[in-house]
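What follows is a set of notes on a single structure, which appears directly below.
The values are calculated or read from the model by the stated rules, or taken from the named source; none is laboratory data. This structure is a prediction, so every number in the text was calculated from the model and none was measured. As a convention, Cβ positions derive from the backbone with ideal geometry for all residues, glycine included, and neighbour counts pool all protein chains shown.
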Amino acid sequence: MTANLELIEGWYATLDFDRYLADDVDFEVMEGFPEGGRHRGRSDVAAMFGRFMALYSEFKAEIEDIIDGGSGVTGVGTYRGVLKSNGESFEIPFCHIWYLKNGQIVRMRHFVNTLKMAYALDAKSWPPAG
């Protein structure tokens, strides 16, 4: 196993902001997803995670595959959870692309089905009728 794979596996297992994130880390969460947009710096990313997790009575990011791409790593999985606001449960596939430098995460790009999350937030059934 490469050092990059070990680093990302460690992040997913612990979410240890101080250990794994560079001071000037850049998280790009897909627009249309809760907390979507750019979050820069370790403290901003930590605050975003706090706000994000407060939306759910249950939340889990289940990692199905981690792919080493050299200077970057891709994590593929499924978000599963229950929203506090309406009790809606959801399962939404995601992809994270991690950029690493000097043993730390310097950037993350997030890709997810935002429409499926919008339906859960509005307590509408998936898939849409039509």
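General remarks:
- Filter pass, Lys116 being outside any loop (DSSP other than H, G, I, E, B), in contact (Cβ under 8 Å) with a residue 24 or more places away in the chain and on the phi < 0 side of the Ramachandran plot: yes
- Just one of the listed residues (Ile105, Ile92, Ile97) is at pLDDT 85 or above, hydrophobic (A, V, I, L, M, F, W, C), buried (at least 18 other Cβ atoms within 10 Å of the Cβ) and more than 15 Å from Phe33 (Cα to Cα), namely Ile105.
- In segment 20-61, the residues that are of a type in the set (Lys, Arg) and over 25 Å from Ser89 (Cα atoms): Arg38, Arg40, Arg42
- All told, Glu35 meets the bar of being at pLDDT below 95 and in contact with a Phe, Trp or Tyr (Cβ under 9 Å, 6 or more places away or on another chain).
- Failed condition for Met108, given (1) free of Cβ contacts under 8 Å to residues at least 40 places away in the same chain; (2) in a strand (DSSP E or B); (3) closer than 21 Å to Phe17 by Cα: (1)
- Verdict on Asp44 being closer than 18 Å to Gly10 by Cβ and at pLDDT 95 or above: no
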